[in-house]
Amino acid sequence: MKTNDIVQVLVFFILLIGLAPLLGRYMARVFTGESTLLSKLLAPLEKAVYRSGGIQPNEEMSWKQYFLAVLIFNLVGIASFWGIMMTQAWLPLNPMKMGNVPWDLALNTAISFITNTNWQAYSGENTLSYFTQMAGLTVHNFLSAATGIAVLLALARGMRRATVQKLGNFWVDVTRSTIYVLLPLALCMAVVLAGQGVTQTLSAYAEAQTLEGAKQVIPLGPTASQVAIKQLGTNGGGFFGQNSAHPFENPTPLTNFIEVFGLLIVAASLVFTFGLMIGDRRHAWCIFSVMLILLAGSFAVAWWAESQPNPVTANVLPQLEGKEMRFGVMNSVLFATATTGTSCGAVNSMHDSFMPIAGMMPLWNLMLGCIVFGGVGAGLYGMLMHVLIVVFIAGLMVGRTPEYLGKKIQAWEAAWAIVAILLPNILILVGSAIAVSVPAGLAGLGNSGPHGLSEILYGYSSCAANNGSAFAGLSANSVFFNLSLGAAMFIGRFGCIFAVLAIAGSLAVKKTVPASPGTFPTDGLTFTLVLLGIILIVGALTFFPALCLGPIVEHGLMVSGRAF
Amino acid sequence: MSAKVEIQYSELVRQAIIDACRKLHPREEIKNPVMFVVWIGSILSTMFLVHQFSGFNLQICLWLWFTCLFANFAEAMAEGRGKAHADALRKMRTATMARRFNQGKESAVTATELKIDDLFICDAGDIIPADGEVVDGIATVDESAITGESAPVIRESGGDRSAVTGGTRVISDRIVVRVTSEPGHSFLDRMISMIEGARRQKTPNEIALNIVLVSLTVLFILVVLTLPAFAAFNERAAGQTGVVLTSLPVLLALIVCLIPTTIGGLLSAIGIAGIDRLMRRNVLATSGRAVEAAGDVDVLLLDKTGTITLGNRMATELIAAPGVRPEELADAAHFASLADETPEGRSVAVLVKEKYGMRGREVAEGHGHFVAFTAQTRMSGMDFPALSSGAPRRIRKGAADAVRQFVEAQGGLYPKAVEDTVSDISRAGGTPLVVADDSRVLGVIRLKDIVKGGIRERFAQLRKMGVRTIMITGDNPLTAAAIAAEAGVDDFIAHAKPEDKLQRIRQEQADGRLIAMIGDGTNDAPALAQADVGVAMNTGTQAAREAGNMVDLDSNPTKLIEVVEIGKQLLMTRGSLTTFSIANDVAKYFAILPAMFGLLYAVHPGAHGPLEKLNVMHLHSPESAILSAIVFNALIIVALIPLALRGVKYEAIGAAAVLRKNMVIYGLGGIIVPFIGIKLLDMFLVAVHLVR
């Protein structure tokens, strides 16, 4: 561990802890309809959107209406995007004459981008036209992120409000998130990235003569604009197949720093936005701390594991297999744990090439449901489902019907919270078990043995948690994987959103009970530790057996010099 | 009741063992989804045994059945006491004869023939045939059959002590009673159905917890059922066959070990035991829901008299107004109290008799007619018709402001000195009663309250539990504040009229709080019904007993505090055992996973593979490890039955502290204990050669 690495890590975390509350406050102002610095500039745009969509911004929705709006919005998105991909050959902005995308891959990709997963069973540079990249991928990078934020806002309002049915207006939430938060941030970031050498052009791929005289095609495209929102919206779908390991997507250590930071900042800030919206900033700090500890913990373990000598490769250090020279070990591991802790899924190295335990940490983050800051909105509402379960158990343990922010947590909330937590887990276990048992699943494997199991577990974990990063090694572009992973993404996303909105609706109707000394406090060290403990224990109990047969046994074999 | 129902412990256990076997019926098992899974597992393992017999498979199968039986036993143990109780009550409901009283004529009928509003007579020695209200007479009644309290109680017509209960016995005097309940709906019937019915319905928290437990069960079943696929995939890669233990009994053992059987098996026992604990303190709850609500109570509404202060206020001093002779004041005070049967009224008469030697006056003397105290006028006194000697007189004694209104309404003056005396007495925690004769204020009677010993500490505990106490009193604000400060209540309502209670309850509820109150009078009934936890006193009126959702047979108002504690204990026990149950799984993984996968990727036959390293307990063999885990899982249910019945210890130390303490005991303890237990069992099983 060089001093340089440690300084970078410190700067990174200090910036994160310092800036998140500020951006959080700005977003809270935006979402509660207060005026901000950008209001003068952007309010006309916001109004124009409402006018063109025939939206009454003051008309609020019940939880069922809200869910219906989410669903319709996203289903229309899937259908239109699916259509674009299957007809891209006939559409404009296609200088490289890309053919139409096969139906199953197109469906998988459409679901993937609408659910904020951005699982990619293809490589962008040889599959998609510029039009598809811009009108499909980039647009949905914005909208899927805005959808996540909107659902979080509805939940926060449900917690804050009392004895009402309404949770806000989905169209307003999506519009505000996009116009006031995502667009300005993405614009700034895209300019910086382009300045650092990320391509931004509509011209055809370049052709170059190599020193040996061979001809090489160098893919180009409108990359910077897409990469910015890919990181900020925790989408993660690369413009190129190599994602942020590609020099045109992530050329310098500075862009790398900005990209890791970008993928965390919005999600992290939303914790504070939530704190302000519910009027309990101490509680927000507790949640933020738990997320930070989980992120720092998984990063520390992975960094340690990745710095150990590997007897299979003659103990050579540093381990650079699967990593970019310009980033090195620390930045690769930091990117890997950050991208899986959030539901971003962009990668700057191949997680498949990590040491077994270092590779297990990104997998572990996915299995926990990408709640370490998580997808914008999605990570926090996922974390809040854990909070509800903690409050439920802890409430019983102090002898009082559990209360959260003054709302009684009863059968309905407990049931839907546990559905939201367990649904992805079940998708991962059942999906993986089927995949390792049927020829169609085994056909995609790049490795046998425990590493092969890790690849499959990773695939289903990534999709069920709407992350989208891949362990590499798994050839997932087959009808079997496209459809089964597509289903995992869809159920993982909308199953959870349904549960979250069901809870939001029920909480909004309830009275707010004033806190008393008999109420379990949700803003102290005790709460923070219990939340951390329950997340870790529930995650470990669910996945320890599977992890034993994947990375853990692989580690045991590697130590004795065996590999598969 | 506790005195009446002597339950033999050995008899209870014997009955519980029989019931445990009876509860293996699927109709019973399906009520508890977690244990139903174990039950199905037991059946599957039995079927597998027929298919492939071995000592190991037999033992797994037996321990799965034992797990079911132990859980059933826990429930049966908890039910046993209540059942014995209900049986004892039912014996009392034998057909008694009643002496119906109809237009001056008496006729003998059976108790079941009595209808609402019938009158009947009871003399000394008679068993009261039905619930009713005394309309004439006063009698001592032995209610020990119901309350277990051997001291007889007084029942008299009028007031708040008029209700009598069927099945109790008159020991002196004669009363005429009006029937207030239909046959089959008497208090006794209600008690029996309370005891038997309360456990039948699941409470809201129990339902919520059940959902969590069922979800975890589903999850763990899937965790285990997906394992063979992952294992087989690895076996193929390792080029090994049959090294991974995934036979049906092993998988069933793992499922049963992981699903929350500890809490699942004890859940209903905990709920029943909570109601039973209340019953042993002589409180009957109409439903488990009421007990649970008691744990959530935010505010206790307590009547001052009898709850916070000892018994009744006593008159201790007469302070005459300027220019009034003490004898004149004493005389008027005596008149005003002559027919006043309230304890305060009697104490005035006693004081006057002792200090001023007045005695033996009849109400008739002076031809006065008594004006009773009402909550609206807050005065009592005597009206004298106009006599030859002068104009009609009206003597009143009552709350200062009420008398002031009375005096000023007649154009009288309310002297400053009296006003000062009143506030002095109030500030000192006493109750001033002002005496007036028409428009003249004569002076003040000082009544004193004595706050019960230890009550201040109880309120401090309640405050730590997060429960606020509100004292209700008819006193003026100054008096109320003094007593409130002395007793340490958080708030008080002075000048309380019956509708104030209801008003306050509604207001607190609108703010989202849960309210408990205790009451006895008919005018308490609406408030009792409105409160989330309404405890009616057994000595109270029938209306009050109908309105509450609990009845305190001892009629002890401080009982409310214990009720709250029991409610909290009930939830704490559930939460703690849930945590314990889940924490246990960690050790079970370290026992069973290396047993299943220890040979995977072994370099040569007979050697261990890398996952054997997870065998941190160094258990003897795969079979001993699996068996130890399943035996531990079954025995822990039995070991925790006493805790489930007794409840987790409750201390008033604030929510965060309680949580920390219980998390250490049941969370951390739940992780550590099974490591030790499984290791010991493993050593034992190997020592007695039950496994290879």
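The values are calculated or read from the model by the stated rules, or taken from the named source; none is laboratory data. On a predicted model such as this, the values are computed, not experimentally measured, just so you know. Glycine gets a Cβ as well: all are built from the backbone with ideal geometry, and neighbour counts include every protein chain shown. Each accessible area value is taken on the protein alone, full model and side chains, heavy atoms only, with ligands, DNA and RNA left out. Shrake-Rupley method; radii C 1.70, N 1.55, O 1.52, S 1.80 Å.
Under 10 Å from the Cβ of A:Gly238, count the other residues' Cβ atoms, weight Lys and Arg +1, Asp and Glu -1, and hand me the total. Taking every other residue near A:Gly238 into account, the sum is -1.
Sorting B:Glu344, B:Glu562 by solvent-accessible area of protein heavy atoms yields B:Glu562, B:Glu344, largest first, with a 1.4 Å probe.
Within the protein assembly as shown, antiparallel bridges make up roughly 80 percent of the DSSP beta bridges whose residues both belong there.
The residue list B:Ile128, B:Ala111, B:Leu560 was ranked by how far each Cα lies along the charge dipole of chain B toward its positive end, using unit charges on Cβ atoms, and B:Leu560 comes out on top.
Helix B:455-465 and the longest principal axis of the Cα set of chain B meet at an angle near 40°.
Taking every protein chain into account, the 1.4 Å probe leaves B:Leu62 with about 80 Å² of accessible area, to the nearest ten.
Which angle from 0 to 90°, rounded to the nearest 10, does the C-alpha axis of helix B:187-197 make with the longest principal axis of chain B? Computed tilt is about 20 degrees.
Around the Cα centre of region B:483-532, unit charges on the Cβ atoms of Lys, Arg, Asp and Glu (plus for the first two, minus for the last two) sum to a dipole of about 160 debye.
Residues whose amide H falls under 5 Å from that of B:Val533, counting only those 5 or more places apart or on a different chain, are B:Ile515, B:Ala516, B:Met517, with hydrogens built in the peptide plane. Annotation note: GluC sites (Glu not before Pro) in region A:1-77 located in DSSP loop regions with a Cβ neighbour count of at most 15 within 10 Å are A:Glu34, A:Glu59.
Out of all DSSP beta bridges in chain B, what portion is antiparallel? Express it as a percent rounded to 5. If I count the DSSP bridges inside chain B, around 75 percent turn out antiparallel. Built from the Cα atoms of region B:592-650, the convex hull projects on average onto 5.3 nm², one quarter of its surface area.
Using heavy atoms of the protein chains and a probe of 1.4 Å, the accessible area assigned to B:Arg22 is about 150 Å². How high is the FRET efficiency between B:Thr377 and B:Gln201 when r is their beta carbon distance and R₀ equals 60 Å, given to the nearest 0.05? Between B:Thr377 and B:Gln201 the formula returns 0.85. For the set B:Glu206, B:Glu28, solvent exposure ranked by accessible area (probe 1.4 Å, protein chains only) runs largest to smallest as B:Glu28, B:Glu206. Within region B:61-84, which residues have the backbone N less than 17 Å from the label spot 7 Å out from B:Glu11 along Cα→beta-carbon, could you tell me? Those under the cut-off are B:77-84. If one puts a single equal scatterer on every Cα of the protein assembly as shown and applies the Debye formula without solvent, what log₁₀ I(q)/I(0) results at q = 0.05, 0.08, 0.10 Å⁻¹? With one equal scatterer per Cα and no solvent, log10 I(q)/I(0) is -0.48, -0.96, -1.27.
Applying 1/(1 + (r/R0)^6) with r as the Cβ-Cβ distance of B:Asp87 and B:His25 and R0 = 25 angstrom yields a FRET efficiency of 0.70. By a 1.4 Å probe calculation restricted to protein chains, B:Arg190 has an accessible surface near 50 Å², given to the nearest 10. Inter-chain neighbour count for B:210-222: the average number of beta-carbon atoms from partner chains within 10 Å of each residue's beta-carbon is 5.
Determine the distance separating the Cα centre of region B:1-79 from the Cα centre of region A:18-48; give it in Å without decimals. Measuring centre to centre over Cα atoms gives 62 Å.
In this calculation the C-beta distance from A:Thr36 to A:Ile14 is compared with R0 = 30 Å, giving a FRET efficiency of 0.75. Length gained on full extension, B:Lys613 to B:Met47, computed as 0.36 nm times the residue gap minus the Cα-Cα distance: 200.4 nm. Magnitude of the charge dipole for the protein assembly as shown, about its Cα centre and with charges confined to Cβ atoms of Lys, Arg (+1) and Asp, Glu (-1), is about 800 debye. The spread of Cα positions in region B:1-122, taken along each principal axis and listed from longest to shortest, comes to 83, 27, 20 Å. Our note on the geometry: Cα centres of region A:192-234 and region A:476-527, 38 Å apart.
Dipole of chain A computed with +1 at Lys/Arg Cβ and -1 at Asp/Glu Cβ about the Cα centre; of A:Met350, A:Ile426, A:Asn482, farthest Cα towards the positive end is A:Ile426. The three principal axes of the Cα atoms in region B:566-681 give end-to-end lengths of 61, 26, 17 Å, sorted in falling order.
Among the trypsin sites (Lys or Arg not before Pro) within region A:489-542, those in coil by DSSP and having at most 15 neighbouring Cβ atoms inside 10 Å are A:Lys511.
Loop-resident trypsin sites (Lys or Arg not before Pro) (DSSP state other than H, G, I, E or B) in region A:1-71 with no more than 11 further Cβ atoms inside 10 Å of their Cβ: A:Lys2. The calculated Kirkwood hydrodynamic radius for chain B is 29.7 Å, given to one decimal from all distinct C-alpha pairs. Ordering A:7-14, A:356-363 by mean Cβ neighbour count within 10 Å, with the highest value first, yields A:356-363, A:7-14.
Counting charges near A:Ala228 (Lys, Arg +1; Asp, Glu -1) among other residues having Cβ under 12 Å from its Cβ returns a value of -1. Counts of other chain beta carbons within 10 angstrom of each beta carbon in peptide B:594-603 average 3.
Projection of the Cα convex hull of chain A, averaged over all directions and equal to a quarter of that hull's surface, yields 25.6 nm². What does the convex hull of the alpha-carbon atoms of region B:396-482 project to on average, in nm²? So the Cα hull casts an average projection of 6.1 nm².
Shielding value for B:571-580 is 5, the average number of Cβ atoms from other chains within 10 Å of each residue's Cβ. Where Lys and Arg each count +1 and Asp and Glu each count -1, what net charge lies around A:Gly550 among other residues with Cβ under 13 Å from its Cβ? Overall, the nearby charge balance is -3. Magnitude of the charge dipole for chain A, about its Cα centre and with charges confined to Cβ atoms of Lys, Arg (+1) and Asp, Glu (-1), is about 1560 debye. Just going by the charge dipole of the protein assembly as shown, with Lys and Arg at +1 and Asp and Glu at -1 on Cβ, which of B:His51, A:Leu529, B:Gly381 is farthest out on the positive end? Of the listed residues, the answer is A:Leu529. The C-alpha atoms of chain B define a longest principal axis, and helix B:33-51 lies at about 30 degrees to it.
Highest average first, the peptides A:403-416, A:223-236, B:674-687, B:565-578 ordered by how many other beta carbon atoms sit within 10 Å of their residues are A:223-236, B:565-578, A:403-416, B:674-687. Sorting the segments A:455-461, B:69-75, B:640-646, A:206-212 by their residues' average number of neighbouring beta-carbon atoms within 10 angstrom, most packed first, yields A:455-461, B:69-75, B:640-646, A:206-212.
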